[in-house]
Amino acid sequence: MKQPDVNTAIAETFCKQFKDLKFGRDLEFVEIDRSMPPLFQLNGEFEGRGEYDFTGLAKLFIENNGFNQSARYDISGKVEVREVDGSPVVEFVSLLIARKV
């Protein structure tokens with residue numbers, strides 16, 4: 001299990017669980033804009049299983065006056081990393097912070 005694999009697992013989990021994720025400041029996003037795949041990375045070096053802070057960039061749709069508008073957001077939070085059959089499995093363990101870029 002290497003850091004690039006964990007970064008990929010964060011992005012995949014973000015996409016799979018997007019509708020259930022909780023964002024700070026009560027932000028609610030409609031969906032992910034697939035024109036730009038989300039990219040995430042751990043802050044610091046990966047040292048095995050445990051909790052890590054992460055940051056990333058995602059293009060997300062938000063509803064504004066009845067219209068869906070897409071914008072890029074810096075996303076940050078904390079994940080717990082486990083290993084299952086040699087592959088990383090991540091779980092978001094904090095509210096996600098989203099800041100419009």
- Message: For the pair residue 93/residue 80, report the inter-label distance in nm, with labels modelled 7 Å from Cα in the Cβ direction.
- Response: 0.6 nm
- Task: State which entries of 22/100; 19/100; 2/100 exceed 21 angstrom in Cα-Cα distance in the structure shown.
- Result: 2/100
- Message: Need the full-extension length gain, residue 68 to residue 3, defined as separation in residues times 0.36 nm minus the C-alpha distance. One decimal, nm.
- Response: 20.0 nm
- Item | Net charge of Cβ neighbours under 14 Å - reference residue 37; Lys, Arg +1; Asp, Glu -1 | +1
- Query: Helix-derived [θ] at 222 nm for the chain: sum -39500 (n - 2.57) over DSSP H runs of at least 4, divide by residue count, nearest 500?
  - Reply: -5000 deg cm²/dmol
- Of the accessible area of the chain, computed with a 1.4 Å probe and all protein chains kept, carbon and sulfur make up a percent value of 44 percent
- Helix 3-17 versus the longest principal axis of the chain: what is the Cα-based angle in degrees, 0 to 90, to the nearest 10? 40 degrees
- Pick out, from 89, 64, 54, the residue whose Cα sits farthest towards the positive end of the charge dipole of the chain, with +1 on the Cβ of Lys and Arg and -1 on the Cβ of Asp and Glu. 64
- Message: Using the crude model of +1 on Lys and Arg Cβ and -1 on Asp and Glu Cβ, and no other charge, please compute the dipole size for segment 39-88 relative to its Cα centre, in debye to 20.
- Response: 260 debye
- Message: Give me the one-decimal Kirkwood hydrodynamic radius in Å for the chain, with the sum taken over alpha-carbon pairs.
- Response: 13.9 Å
- For the chain, give the magnitude of the charge dipole about the Cα centre (Cβ charges: +1 Lys/Arg, -1 Asp/Glu; no others), in debye to the nearest 20. 340 debye
- Rounded to the nearest 5, the percent of antiparallel DSSP beta bridges in the chain equals 95 percent
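The values are calculated or read from the model by the stated rules, or taken from the named source; none is laboratory data. All values reported here derive from a predicted model rather than from experimental measurement. When we count neighbours, we look across all protein chains shown, and the Cβ atoms used for this are built from the backbone with ideal geometry, even at glycine. The accessibility values were calculated without ligands, DNA or RNA, using every heavy atom of the protein model including side chains. Shrake-Rupley method; radii C 1.70, N 1.55, O 1.52, S 1.80 Å.
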